[in-house]
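The values are calculated or read from the model by the stated rules, or taken from the named source; none is laboratory data. Note that the structure is predicted; figures quoted are calculated from it, not measured. We place every Cβ from the backbone using ideal geometry, glycine too, and count neighbours over all the protein chains shown.
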Amino acid sequence: MKQALVLDFGNVISEPQDTSCYDRMGEMSGLGADFFRNAFWKYRPQFDRGDIRGIPMYQAVLADGGMIPDARDEAACARRDALAERLLAEDLESWFHISRSVTDWALGVQKAGFTLGILSNMPHDFLERYADRIELFKKADVPVFSCLEREIKPEPAIYRILIARLGIPAHDIVFFDDLEANVLAARREGMQAFLWTDLAQAQKDWTSAE
């Protein structure tokens, strides 16, 4: 019998990413929006795992775009570093649009007596900047964030960490994620997992879960 609701963050607890950030990033750097739509994802697993922080990551992204200042030119290096900081801020802010309706639903499920968890691929920089401003991060019974565990979805270890922390049999955990690979990985660990498309469908899936 289901005992826990577990939610991903991006595109579930949060609204869809504000992809206009790529236009602003492309404009401020001169590298174009398409460059950032692709270049960022090269480093995303390391970023989410906590192996690299945001500013060094964007320094590496800029280097991939050919922006490699002479290490002896302090002014050029300072401009590169300031740009990396602005790019990181755009990136993080693009995800900080929290769904009020999903928040209210999840808290209602928790109030009804179910355990509430979060399982998210999440970098340190986002947590440090926004964690205390996201209600579900503060009220979840068991939040599991990739950067703190040094494990990421869809690898098995982070699901096993979640199951152990919940202290609930895997088949009694209902998990929602917007990426099919993450849903399939959760099912391989024995959880009841559903692909998130919208709140209305998730409510139906939650009701149908055993």
- Message: Can you find, within region 109-144, the residue that is surrounded by the most Cβ atoms within 10 Å (Cβ to Cβ) among those that are closer than 23 Å to Ile52 by Cβ and among the polar types (S, T, N, Q)?
- Response: Ser120
- Query: Take the residues of region 26-78 that are buried (at least 18 other Cβ atoms within 10 Å of the Cβ) and of a type in the set (S, T, N, Q): which is farthest from the chain's Cα centre (by Cα)?
  - Reply: Ser29
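Every residue, every condition in (1) part of a helix (DSSP H, G or I); (2) assigned by TED's automatic domain parsing to the domain that holds Ala202; (3) over 26 Å from Arg187 (Cβ atoms), yes or no:
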| position | (1), (2), (3) |
| --- | --- |
| Trp105 | yes, yes, no |
| Leu116 | no, yes, no |
| Tyr130 | yes, yes, yes |
| Ile161 | yes, yes, no |
- Task: Give the residue that is surrounded by the most Cβ atoms within 10 Å (Cβ to Cβ), with candidates limited to residues of region 166-210 that are part of a helix (DSSP H, G or I) and β-branched (Val, Ile, Thr).
- Result: Val183
- Message: Can you tell me which of (1) within 20 Å of Ala131 (Cβ to Cβ); (2) part of a loop (DSSP other than H, G, I, E, B) is the one Gly66 doesn't meet?
- Response: (1)
- Query: When you look at Asp51, is it modelled with pLDDT of 95 or more and of a type in the set (Asp, Glu), yes or no?
  - Reply: yes
- Go through region 22-54 and give me each residue that's without any contact (Cβ under 8 Å) to a residue 40 or more places away in the chain, under 17 Å from Arg80 (Cα atoms) and not in a helix (DSSP H, G or I). Gly30, Leu31, Gly32
